[in-house]
1. Report whether or not PRO31 is surrounded by fewer than 16 Cβ atoms within 10 Å (Cβ to Cβ) and modelled with pLDDT of 95 or more.
2. Inside the stretch 37-106, counting only helices (runs of 4 or more DSSP H) that do not spill past its ends, which hold 3 or more residues that are over 19 Å from LEU22 (Cβ atoms) and touching a residue at least 12 places away in the same chain (Cβ under 8 Å)?
3. Only residues that are within 11 Å of the chain's Cα centre (by Cα), under 19 Å from TYR29 (Cα atoms) and not aliphatic (A, V, I, L, M): list them for the stretch 63-105, please.
4. For GLU57, state whether it is surrounded by fewer than 24 Cβ atoms within 10 Å (Cβ to Cβ), modelled with pLDDT of 95 or more and acidic (Asp, Glu).
5. Whether any residue in the stretch 110-118 is surrounded by fewer than 19 Cβ atoms within 10 Å (Cβ to Cβ) and under 11 Å from the mean Cα position of the chain (by Cα) is what I want to check.
6. On the given criteria, is ARG134 in a helix (DSSP H, G or I), under 26 Å from TYR29 (Cβ atoms) and free of Cβ contacts under 8 Å to residues at least 40 places away in the same chain?
Amino acid sequence: MYSGVVREDVKCLSQYPSLGYLKHLNLSYLPLFRLSLEPLGALLEKVAATLETLILEGCQIHYSQLSAILPGLSRCSQLTTFYFGRNFMSMDALKDLLRHTSGLSKLSLETYPAPWESLDSLVPVNWKIFTPLRAELMRTLREVRQPRRIFIGPTPCPSCGSSPSEELELHLCC
């Protein structure tokens, strides 16, 4: 029932007349993994001129759903904060996502999950695998734009204990 409520809410949200003024959208921890994200993509397109904060933290979004929101996300020219951590993404999916942020010049705080290739069943993240993958993601990002404050990895970081925040600088602790 919960996912049905979420599905209808996301569909209806894009129909509100004052939506063009939306500045902050927080859908954190809503289970979006079973839903089509086309309505969310359409919503992002409608609010692209005003949206400043987008929080999709822990929504269980998978790579197969990502293409539905990338066109709208890439048009969010006023976006300053984008939280996307705690989703299940492959290295290729994260690279694709980062490339779609190339035109987001105002983006000043962003979070992304550790790629699933670095996750291990025995420990949350295999740091020997994760560290070079994170470096590769940063190279990909720097090819399209210069990041300001970014956090890529598990939250909180098991090595230094840091979590994403407004005070966060480039997270490269390990």
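1. Working: surrounded by fewer than 16 Cβ atoms within 10 Å (Cβ to Cβ): yes; modelled with pLDDT of 95 or more: no.
Here the answer is no, as PRO31 does not meet what is asked.
2. 63-66, 91-99
3. Passing the criteria: THR81, PHE82, TYR83, PHE84, GLY85, ARG86, ASN87, PHE88.
4. No: the conditions fail for GLU57.
5. Quick first cut of the stretch 110-118, residues surrounded by fewer than 19 Cβ atoms within 10 Å (Cβ to Cβ) only: 116-117.
Adding the requirement that they be under 11 Å from the mean Cα position of the chain (by Cα) leaves none.
No, the stretch 110-118 has no match at all.
6. Details: in a helix (DSSP H, G or I): yes; under 26 Å from TYR29 (Cβ atoms): yes; free of Cβ contacts under 8 Å to residues at least 40 places away in the same chain: yes.
It is true that ARG134 is in a helix (DSSP H, G or I), under 26 Å from TYR29 (Cβ atoms) and free of Cβ contacts under 8 Å to residues at least 40 places away in the same chain.
Residue-by-condition table, conditions (1) out of contact with any strand residue (DSSP E or B) (no Cβ under 8 Å at 6 or more places or on another chain); (2) within 16 Å of PHE151 (Cα to Cα); (3) modelled with pLDDT under 90:
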{"residue": "ASN26", "(1), (2), (3)": "no, no, no"}
{"residue": "GLU45", "(1), (2), (3)": "yes, no, no"}
{"residue": "SER64", "(1), (2), (3)": "yes, no, yes"}
{"residue": "LEU73", "(1), (2), (3)": "no, no, no"}
{"residue": "PHE84", "(1), (2), (3)": "no, yes, no"}
{"residue": "LEU98", "(1), (2), (3)": "no, yes, no"}
{"residue": "SER102", "(1), (2), (3)": "yes, no, no"}
{"residue": "LEU119", "(1), (2), (3)": "no, no, yes"}
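The values are calculated or read from the model by the stated rules, or taken from the named source; none is laboratory data. These figures come from a predicted structure and were not determined experimentally. Cβ sites come from the backbone with ideal geometry, for glycine too, and all protein chains shown count toward neighbours.
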